[in-house]
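Trainee: Quick one: this structure, given as structure tokens, is what I'll be asking you about.
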Amino acid sequence: MNEPRPPAPVLDPPAPDAEEDPGTGHRVPRRFWSARRVPAGLAALLLAAGAGLLLYDVAAVRAGHPAMDWRRRLADGLATRPLDDPAVLVGAGVAAALGLLLLVLALTPGRRGLLPMRTPDPDLRVALDRKAAAMTLRDRAVEVSGVQSVRVRVRRRRVDARAVSHFRDLDEVRGDLDSVLTEGIDHLGLARPPSLGLRVRRPGRKG
């Protein structure tokens, strides 16, 4: 029986350093960070457009022209509306939500679909696509005798496998699947191997 080959990994430029795994004490590569060019570009474009429009209006006022109507109305509204006005509260809420979103994007790695892999060279970073890892484990699981179908979901710290067995004792199928999937997770070569969650049931039953 030929074992399925792991999918091709994703290469990335050298990592600045690594983080220590509290479970094993070994240093493992950090997660891959997303450049997030689209959110950064949109934020920069909106800020540049707003700053340019405001600068143009200020320069026009300095040159003796009247201020734009939108800036006069905005200044009058901010000066006359109370802080508990619904429009002020809505505007403040939208601004706070956008600011929180930008902070989350700036402080989180992103690229959740990539799982860092072990490498002999600390200057080389390699990652495995999460969907490809799930497909590899699924191909291993369906070769177990008695397994009719399998659904595998790979997360950062856990692999969830749901199998349907149409013959053989469920405990035997579960034991074989546990061995096969545990070995498959180890063969993926992940820097932080996830734990395995396994459920086996008969056709037509849920749970």
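Trainee: Sort out for me the Cα centre separation of the stretch 130-160 from the stretch 48-71, rounded to whole Å.
Mentor: Cα centres, the stretch 130-160 to the stretch 48-71: 60 Å.
Trainee: Follow-up. Which shape class applies to the stretch 105-162: rounded if a/c is under 1.5, otherwise prolate when a/b exceeds b/c and oblate if not, where a ≥ b ≥ c are the square roots of the Cα gyration tensor eigenvalues?
Mentor: Numbers: a/c = 3.78, a/b = 1.83, b/c = 2.06.
The shape class here is oblate.
Trainee: Size of the dipole of the stretch 81-125 about the Cα centre, Lys and Arg at +1 and Asp and Glu at -1 on the beta carbon, nothing else charged, in debye to 20?
Mentor: Numbers: 5 positive and 4 negative charges, 49 e Å.
In total the dipole reaches around 240 debye.
Trainee: Under the rule of at least 5 residues apart or a separate chain, name every residue whose amide H is placed under 5 Å from the amide H of L196.
Mentor: Those qualifying (amide H under 5 Å, at least 5 residues apart or on another chain) are V159.
Trainee: Place +1 on the Cβ of every Lys and Arg and -1 on the Cβ of every Asp and Glu in the stretch 21-131, take the dipole about the Cα centre, and give the residue among L107, P82, A35 whose Cα lies farthest towards its positive end.
Mentor: A35
Trainee: Consider all pairwise Cα distances in the stretch 135-207 and report the whole-number % of them above 14 Å.
Mentor: Details: 1407 of 2628 pairs.
Percentage above 14 Å: 54.
Trainee: Measure off 7 Å from each Cα along the Cα-to-Cβ vector at T182 and A75, then give the distance between these two points in nanometres to one decimal.
Mentor: 7.4 nm
Trainee: For R118 and S149, FRET efficiency with R0 = 45 Å and r from the beta-carbon atoms, rounded to 0.05?
Mentor: 0.90
Trainee: Roughly how many debye, to the nearest 20, is the charge dipole of the stretch 37-107 about its Cα centre, given +1 on each Lys and Arg Cβ, -1 on each Asp and Glu Cβ, and no other charges? All intermediate terms of the calculation are to be shown ahead of the outcome.
Mentor: Working: 6 positive and 5 negative charges, 43 e Å.
For the stretch 37-107, the charge dipole is close to 200 debye.
Trainee: For the stretch 37-107, what is Rg from Cα atoms divided by 2.2 N^0.38 Å, rounded to two decimals?
Mentor: 1.39
Trainee: Expressed in nm to one decimal, what extension gain is obtained for the pair L47 and L101 from 0.36 nm per residue of sequence separation less their Cα-Cα distance?
Mentor: 17.9 nm
Trainee: Within a 10 angstrom radius of the beta carbon, how do H65, H187 rank from fewest other beta carbons to most? Write down the numbers at each step before the final one.
Mentor: Working: H65 10, H187 15.
Taking fewest neighbouring Cβ atoms as first place, the list is H65, H187.
Trainee: Can I ask one more? Using unit Cβ charges (K, R positive; D, E negative) and no other charged atoms, how large, in debye to the nearest 20, is the dipole of the stretch 113-201 about its Cα centre?
Mentor: Computed charge dipole of the stretch 113-201: roughly 620 debye.
Trainee: Separate question: For the stretch 92-124 and the stretch 172-193, what is the separation of their C-alpha centers, rounded to whole Å?
Mentor: Cα centroid to Cα centroid, the span is 28 Å.
Bear in mind that the values in this text are calculations on the coordinates, not laboratory data. Fair warning: this is a prediction, and the values are worked out from it, not measured in the lab. Cβ coordinates were reconstructed from backbone atoms using ideal geometry, including for glycine residues, and neighbour counts include every protein chain displayed.
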